[in-house]
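Contents: one structure, followed by commentary.
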Amino acid sequence: MATTRFARRAMLLSGLAAFLSGCAGKFRSYDGPPVTRLRIYKEQRLLLLDGADGVLKTYPIGLGFAPEGHKQFEGDGRTPEGSYLIDRRNPKSLFHLSIGISYPNEADIAFAEALGRSPGKDIFIHGGPRPGVDPMNVRDWTAGCISVSDRQIEEIYAMVRNGTPIDIYA
């Protein structure tokens with residue numbers, strides 16, 4: 001009886017340890033220079049994290065499924081262009097981790113409403129790809145977000161704070 005209880009306890013503890021080790025990589029720490037700005041260059045498919053003394057990190061990115069041009073309406077598959085802020089974090093994202101971009105701004109809302117449309121919302125930098133998408137064959141697969149690998153979003157999530165400016169260029 002004591003041996004069975006010991007075996008059960010050992011199995012439970014090893015299962016718990018395996019579960020916790022799987023979660024450990026998702027949340028990283030960062031103690032380097034602060035990120036002062038993010039820059040996205042859509043045509044080059046690059047995300048740059050800037051610090052006070054220059055570029056800290058550069059990442060390849062994927063975009064919305066219709067990447068050319070500025071996002072105007074919900075469902076258009078475009079990634080916004082312009083100046084925004086990082087305004088929220090989602091540790092329970094369907095796409096591993098995500099940080100939110102303050103799209104739409106007042107101008108985006110006014111433009112869409114003038115045409116009787118919704119500008120859309122919930123634009124994020126996130127991991128991925130979604131299930132069933134091979135990132136080697138389909139780079140631009142999101143509904144307008146910016147995608148990076150899961151490992152890369154873990155670094156970005158640790159480095160970037162809410163309120164950080166982000167400029168998105170064509």
Exercise. Please indicate, with yes or no, whether at least one residue in segment 156-170 is touching a residue at least 24 places away in the same chain (Cβ under 8 Å), surrounded by fewer than 15 Cβ atoms within 10 Å (Cβ to Cβ), within 19 Å of K42 (Cα to Cα) and touching a Phe, Trp or Tyr at 6+ places or on another chain (Cβ under 6 Å).
Key: yes
Exercise. Find the residue count for segment 29-40, including only residues that are over 17 Å from I86 (Cβ atoms) and surrounded by 13 or more Cβ atoms within 10 Å (Cβ to Cβ).
Key: 0
Practice problem: Considering only residues that are surrounded by 12 or more Cβ atoms within 10 Å (Cβ to Cβ) and small (G, A, S), look in segment 111-147 and name the one that is modelled with the lowest pLDDT. | Solution: G128
Quiz item: So is G77 surrounded by 20 or more Cβ atoms within 10 Å (Cβ to Cβ), farther than 22 Å from V35 by Cβ and modelled with pLDDT under 95 or not?
Solution: no
Exercise. Kindly check whether there is at least one residue in segment 2-25 that is at pLDDT 90 or above and surrounded by 10 or more Cβ atoms within 10 Å (Cβ to Cβ).
Key: no
Quiz item: Counting residues that are more than 23 Å from T142 (Cα to Cα) and out of contact with any strand residue (DSSP E or B) (no Cβ under 8 Å at 6 or more places or on another chain), which strands (runs of 3 or more DSSP E) fully inside segment 21-112 reach at least 1?
Solution: 46-51, 54-60
Exercise. Output yes when any residue across segment 150-161 is part of a strand (DSSP E or B) and at pLDDT 95 or above, and no when none is.
Key: no
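The values are calculated or read from the model by the stated rules, or taken from the named source; none is laboratory data. Treat the numbers as computed from the prediction; the structure is a model and nothing was measured. Backbone-built Cβ (ideal geometry, glycine too); neighbour counts: all protein chains shown.
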